Each structure stands twice: as structure tokens, then as C-alpha cells.
Amino acid sequence: MRHIDNSKWLLFGLAVLTSLSQAAAAELNDPTRPYKADEYEQRNTQPVSRYNLNSTLVSSNRRIAVINGTYVTEGETVEDATVIRIRKHDVTLQSPSRQITLKLLPDIIKRQPGTVETQP
């Protein structure tokens, strides 16, 4: 009978230790996380565009863009937006509410030989 009582206490002790270790793990903070990182992420998140420009092909006789994995030409539609213009590094779309420019690469301006800056 004493053996049964000891095993009950052992199981009870294991249950308490398990719950304490789970509670301690839930309260641990990442020491490398910046101060007030949650507030910063909430303020600086921008809505993700539902249009993704994958590539463009511009030649003397055709202009093709790949948007969201679909080949389109000028005048065709992607979801609810019409492709207005396809250029080498960007595509302009007209949605019902606004005009959208999708950029493939950032604009680059050469200031001095050997230095390159991106345009804001």
C-alpha cells in the first residue's frame, strides 16, 4: 500500500513540474528582440500588393509582362485591373479605384563614377 501512495505522489509531482515548465516557457522573452518591436511592426506594416510583377519582355514588336504568374499584354486584365503600359522595369495597371505601378527593379541614378544611389 505504501508503494501505491508513493507512485501517486510521484505522478502528482510530475504533473506539477510539467505545468510549471509550460508556464515558464510561455513567459520567456527573446533577449535579442528590439525594445517595443511589436509596436514598431504594427505601425510600419504596409498592405501587401495583390499584384506581383514577375518579369517583363520589351522588344520592338511586342511587350509582355508576367503578373502573378500569368502572361499579359497591354490592354489585357489581371484580376480587376487593366494593363495600361509595359516598360522594361515597370508595368502600369488601372484598377477601378486607382492607378498602380508595379516595379521590377528600383530606379538607379549614377551620381559619380563608382557610386550608385537608389532614387527615393
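Just so you know, all these numbers are worked out from the coordinates, no wet-lab data involved. Please read all numbers here as calculations on a predicted model, not as lab measurements. Note that each Cβ is placed from the backbone with ideal geometry, even for glycine, and that neighbours are counted across all protein chains shown.
Provide Rg and Dmax in Å for region 53-106, with only Cα atoms included in the calculation.
10.1, 32
Could you give the nm distance between label points at ASP30 and GLU76, where each point is 7 Å from its Cα heading toward the beta carbon?
4.1
Expressed in nm to one decimal, what extension gain is obtained for the pair THR101 and HIS89 from 0.36 nm per residue of sequence separation less their Cα-Cα distance? Present the calculation step by step, with values, prior to reporting the outcome.
Values: separation 12, 0.36 × 12 = 4.32 nm, distance 1.03 nm.
Here the segment from THR101 to HIS89 would lengthen by 3.3 nm.
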